[in-house]
Amino acid sequence: MNKLLPTINSPADLRRIGRGQLAQVAAELRQFVLDTVSQTGGHLGSNLGTVELTVALHYVFNTPHDRIVWDVGHQTYPHKVLTGRRDRMHTLRQLGGIGGFPRRDESEYDTFGTAHSSTSISAALGMAVAAQMKGEDRRAVAVIGDGAMSAGMAFEALNNAGFGHNGHSVDMLVVLNDNDMSISPPVGALNRYLARLMSGQFYAAAREGAKAVLKPVPPLFELARRFEEHAKGMVVPGTIFEEFGFNYVGPIDGHDLDSLIPTLENLRGKKGPQFLHVVTKKGYGYKLAEADPVKYHAASGKFNPAEGFPKAATPGKPTFTQVFGQWLCDMAEADQRLVAITPAMREGSGMVEFHKRFPGRYFDVGIAEQHAVTFAAGLACEGLKPVVAIYSTFLQRGYDQFVHDVAIQNLPVVFALDRAGIVGADGATHCGAFDIAFVRCIPNCSMLTPSDENECRMALTTAFQQSHPVAVRYPRGSGCGAEIRPELTAWAWGKGVVRREGTARPGPEARGQRLAILAFGTLLHPALAAAARLDATVADMRFAKPLDEALVLELARTHGALVTVEEGCVSGGAGSAVLECLAAAGVETPVLQLGLPDHFVEHGDPAKLLSLVGLDAAGIEQSIRRRFVPSEMARLALAAVNS
């Protein structure tokens, strides 16, 4: 059989293929995705589950003229393959390669950049309204998963779309890709509601019985298929989506092209808001992923598809996530008030063991960061001690609640901010660059920046002991391999620690005095390496807020220049806190601020990215020498001027 996928370089090529050949395209596409991810790593189960849906959408809709918005983007590898990027898939999520999520600057078929969930309906509605206002005949389609549908923003968009614009209904289609999964198994009332829709015995029996009777007579079967959409109200009650003003169709089999394509063709021609409920299986077509969709959500690296993901190697250095998970269990043993909350990231946040051991104190609220924060505030009002485990980049989604519901009321909520700083392959959308800046500026709140695994455990203990909001930030992956002590020991509140005393005189521009590096977080270790070459002092500041002002002023008094180092944005970050401290005290010691640049950091290997932004040991040293250690020629010229 001749291969079809190599002949498809755009959806237009796909639409020239006969409908009877689309199943072959889907099979080749699924194998291509599996082969690609086995070499590059990346999201697997969700992409395998949307192959037929992707083929059907691009076959029926005139993309890119018609707009398809993919929610989150975990499921867009098949879309990338069909839209001219097949030959670049081997660069997936690598530095300089194509991204793991839709990006407007990567392809005209990526109509909206995504990676955080539950934005697709809002974006597609905006596109549909724009087409209406401009008098353009185009369709807008939002593809959203059942996990993402649990977020409040999705329902806000449904409410707006069903209402219409200036009294006119808006032509758009929402496709609910219901695979009964997000990253972790879904939770909540919506999931139970969708399960009831799919398991409605009367509806299912009536539909399948009619198909069995009419299928031998194709014209009658086609008539029945068209009638089914209008007759379903006689079989099942009106759905919640119909109450929002949508015409609801489904559920249908999302792996059956013979159902998908006619249904989509029918809905494409309809006016007003349409809602198609599609049922798929995460990992479909790859038995190992079907059997364990949580494990096979994403591959961290290469693997042999015939064997599946490699077995876990002998445990090495624990990750910061694992350190948090162990601390959470230990602290829960010590304090019955502790409750833990995650917005649908049980595995990613290291909470599996806590869930097993303390199920009554574990709360997965679904993909609902805003709710997670205010829910924690309500628990804290009643004397409990909530710990919200959340990625740094995801706390951005609950920032108003952080300020309004937690900080203003000065409630003792601990925010464990995983994935702080550069995250690697997930790129700009997941980079935790802004947490120091956006926490530090809020009254009543503190920000702790541990430098290694044991310091992280101590920082979490310190945060838990406080009676006000405290955030603890830590990066993805492992640290320096520090020994982790079992005690629940706390830091001295608001105090940093000098890790190295320097004696060198870096040059005339530093007034012949020593240089001090003030490190916030895990960049302490490259700072120490740079300091060894410069013979500089290094302080592990531990706290971005409250800043150890006494230590800052002492270092400014005894050193000719200060350097601040943080894996976060420079604007408003920890270095800015040092400058504010010096300015308030009237101290004019020169300060060099090193941190993430004022642009979004792209995807790639984390170590390489840190090197590119000058935050490895060599980059820190180079920046310091460039600012404070003049070249020999400059030194001689300066000496001549001084003489």
I need the peptides 561-571, 33-43 ranked by packing, meaning the mean over residues of other C-beta atoms within 10 angstrom, with the highest value on top.
561-571, 33-43
Approximate shape of the range 88-134 as ellipsoid semi-axes (Cα gyration tensor, √5λ), whole Å, largest first
27, 12, 6
Of all DSSP beta bridges in the chain, antiparallel share, percent nearest 5
15
Filtering the chain for DSSP H helices with an axial alpha carbon extent of at least 24 Å and a Kyte-Doolittle mean of at least 0.0 returns 22-40
Please report the carbon-and-sulfur percent of the accessible area for the chain; probe 1.4 Å, protein heavy atoms only, DNA, RNA and ligands left out.
55
Give me Rg/Rg_expected for the range 244-337, where Rg uses Cα atoms only and Rg_expected = 2.2 N^0.38 Å with N residues.
1.78
Over the Cα atoms of the range 510-596, what Rg and Dmax result, in angstrom?
11.7, 32
Computed FRET efficiency, Cβ-Cβ of N410 and N2, R0 60 Å: what is it to the nearest 0.05?
0.30
Straight distance only, please: which lysines reach the Cα of K80 with their own Cα at less than 21 Å, same-chain residues fewer than 8 apart left out?
K3, K281, K282, K302
Could you tell me the extents of the range 533-579's C-alpha atoms along the three principal axes, largest first, rounded to whole Å?
26, 25, 17
If each of Q21 and E265 carries a label point 7 Å out from its Cα toward its Cβ, how far apart are those two points in nm?
1.7
Any chance you could run the full-extension gain for Q336 through R557? It's 0.36 nm times the residue separation minus the Cα-Cα distance, nm to one decimal.
75.0 nm
What Kirkwood hydrodynamic radius do you get for the range 382-465 when you take the inverse of the mean 1/r over all pairs of distinct Cα atoms, in Å?
13.6
Averaging the inverse of every distinct alpha carbon separation and then flipping it gives the Kirkwood radius. What is it for the range 546-619, in angstrom units?
13.4
Using just the Cα positions, wrap the range 1-80 in a convex hull and report its mean projected area in square nanometres, one decimal place.
5.3
Please label the shape of the range 422-525 as rounded, prolate or oblate, based on the square roots a ≥ b ≥ c of the eigenvalues of the alpha-carbon gyration tensor (a/c under 1.5 means rounded; beyond that, a/b larger than b/c means prolate, else oblate).
prolate
Estimated FRET transfer efficiency (L579, D105; beta-carbon r; R0 22 Å; 0.05)
0.05
Jot down the radius of gyration and Dmax of the chain, Cα atoms only, both in angstrom.
27.8, 104
Place +1 on the Cβ of every Lys and Arg and -1 on the Cβ of every Asp and Glu in the range 240-323, take the dipole about the Cα centre, and give the residue among G250, A298, I240 whose Cα lies farthest towards its positive end.
A298
Here, D256 and N304, labelled 7 Å along Cα→Cβ, have an inter-label distance in nm of 3.8
Sorted by packing (mean other beta-carbon atoms within 10 Å per residue), highest first, where do 524-531, 605-612, 72-79 land?
72-79, 524-531, 605-612
Rounded to the nearest 500, the 222 nm mean residue ellipticity computed for the chain from DSSP H runs (n ≥ 4, each -39500 (n - 2.57)) alone is -11000 deg cm²/dmol
How big is the range 45-162 by Rg and Dmax over its Cα atoms, in Å?
14.1, 42
Determine the gain in length on full extension of the stretch A607-T503; use 0.36 nm per residue of separation and subtract their C-alpha separation, reporting nm with one decimal.
34.5 nm
Can you give me the distance in nm between label points at A532 and I240, each placed 7 Å from the Cα along the Cα-to-Cβ direction?
5.7
If eta is 1.002 mPa s and T is 20 °C, what Stokes-Einstein diffusion coefficient results for the range 302-448, Kirkwood Rh from Cα pairs, in µm²/s?
132
Accessible surface, per residue, of the chain when the full set of protein chains is kept, probe 1.4 Å, Å²:
41
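The values are calculated or read from the model by the stated rules, or taken from the named source; none is laboratory data. Computed from a predicted model, the values in this text were never measured in an experiment. So basically every Cβ, Gly included, is an ideal-geometry build from the backbone, and we count neighbours across all protein chains shown. Side chains are part of the model used for accessible areas, which takes the heavy atoms of the whole protein and leaves out ligands, DNA and RNA. Shrake-Rupley method; radii C 1.70, N 1.55, O 1.52, S 1.80 Å.
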